[in-house]
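Following: one structure in structure tokens, then a few remarks.
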């Protein structure tokens, strides 16, 4: 089967490329979540709700703003309705201005100004339907394979994840980069024990030292904040039940997702991706998989490929998430939530062959094929929190040179 030279996508006004054409309804604060959910239910749009947006310290509030702005700016998003209460810390006008600056359709409503819950819902429905009418007329155009910005992640790992799931993703990552795209790897909590191997993959000495320092600081800060070594909480109970014995074993499997391409640099949350290639995102989130999906969305990823040995249904509100498993039994049992069976590596197929098949599958999803999480309506968007006191995100108007 020959690879398609071009795929179909949406060219945005700021030059970026999206592979979905989502309309979002977004809360500025937890107080407006119910209105957002009601509007989304009535219109089939995608809701972004959260428990943040008010009475936050400055660092946390900047991350909240960054995450919400980046959701609207993500290239897979065509339009956004911002729903505020009217007295919250998060400014609707700040969100609207930043999202509009990326060339998106964006409007806002304020529950207190509209007169209450039903009035805000009614007006929101009217606005969303007009947006959907407009976005429905937008057509996909041919774009290059170099338009792909792909996050790679693993969660719910077991003994097959390193051997098959992550290994297949690594081969796919090399194909993405070979064809001009960018790959984002994070999960810094999963690196201790293999950081010296990752550092050897760095494009130069400076980047290698950044990787080593990043993990050293992470381990030091775990002790300072929690009085525990990171190895005491990672691997998780689920990892151990799945056959992973130590963090070193887990980390050696984690870095397989990067493939063999040189690591171009280390980015902080909110940094632009300067140019194509493999990048490590230094987002020390100390939290669930949903945090990292949002982190990749903040960086402008238009697709994430997610390896899971034990299975997880999690998706994203702003991008397709392709679920890969290295466990043949999990693929058979959890076929309704897993897209791609890399477990054939366990059964004898080569990593290279399966990785190439996964790359073809990635192109099909970019070209419009729905993932299982999209079919199931799992549109998660969880605002991350960086627990490390020494690390701050860039927290600025999110811009990237990626097309």
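Overview of results
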quantity	calculated
Residue, surrounded by the most Cβ atoms within 10 Å (Cβ to Cβ), within the range 1-25, restricted to residues that are under 16 Å from residue 379 (Cβ atoms) and touching a helix residue (DSSP H, G or I) at 6+ places or on another chain (Cβ under 6 Å)	25
So residue 355, is it touching a residue at least 24 places away in the same chain (Cβ under 8 Å) and under 30 Å from residue 220 (Cα atoms)	no
Scope the range 75-98; condition closer than 15 Å to residue 45 by Cβ and either in a loop (DSSP other than H, G, I, E, B) or touching a helix residue (DSSP H, G or I) at 6+ places or on another chain (Cβ under 6 Å) (or both); matching residues	76, 78, 79, 80, 81, 82, 83
Given (1) in contact with a helix residue (DSSP H, G or I) (Cβ under 7 Å, 6 or more places away or on another chain); (2) closer than 22 Å to residue 258 by Cβ; (3) in a helix (DSSP H, G or I), index of the condition residue 322 fails	(3)
Count - residues of the range 26-46 that are buried (at least 17 other Cβ atoms within 10 Å of the Cβ), touching a helix residue (DSSP H, G or I) at 6+ places or on another chain (Cβ under 9 Å) and either free of Cβ contacts under 8 Å to residues at least 60 places away in the same chain or part of a helix (DSSP H, G or I) (or both)	9
Test: residue 109 is within 26 Å of residue 181 (Cβ to Cβ), in contact with a helix residue (DSSP H, G or I) (Cβ under 8 Å, 6 or more places away or on another chain) and without any contact (Cβ under 8 Å) to a residue 40 or more places away in the chain	no
Residue in the range 347-362 that is over 29 Å from residue 6 (Cα atoms) and part of a loop (DSSP other than H, G, I, E, B) present	yes
Of the criteria (1) out of contact with any strand residue (DSSP E or B) (no Cβ under 9 Å at 6 or more places or on another chain); (2) under 19 Å from residue 163 (Cα atoms); (3) not in a helix (DSSP H, G or I), which one residue 261 fails	(1)
Matching residues, the range 356-397, being over 15 Å from the mean Cα position of the chain (by Cα) and modelled with pLDDT under 95	386, 387, 388, 389, 390, 391, 392, 393, 394, 395, 396, 397
For residue 301: the one exception among (1) assigned to a helix (DSSP H, G or I); (2) within 18 Å of the chain's Cα centre (by Cα); (3) under 29 Å from residue 178 (Cβ atoms)	(1)
Of all residues in the range 163-207 being at positive phi and either outside the structural domain of residue 278 (by TED's automatic domain parsing) or within 21 Å of the chain's Cα centre (by Cα) (or both), the one that is modelled with the lowest pLDDT	187
Every residue from the range 175-185 that is out of contact with any strand residue (DSSP E or B) (no Cβ under 7 Å at 6 or more places or on another chain) and within 11 Å of residue 277 (Cβ to Cβ)	178
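The values are calculated or read from the model by the stated rules, or taken from the named source; none is laboratory data. Being a predicted model, the structure only gives us computed values, none of them experimental. Because the Cβ atoms are built from the backbone with ideal geometry, glycine has one as well, and the counts that use them run over all protein chains shown.
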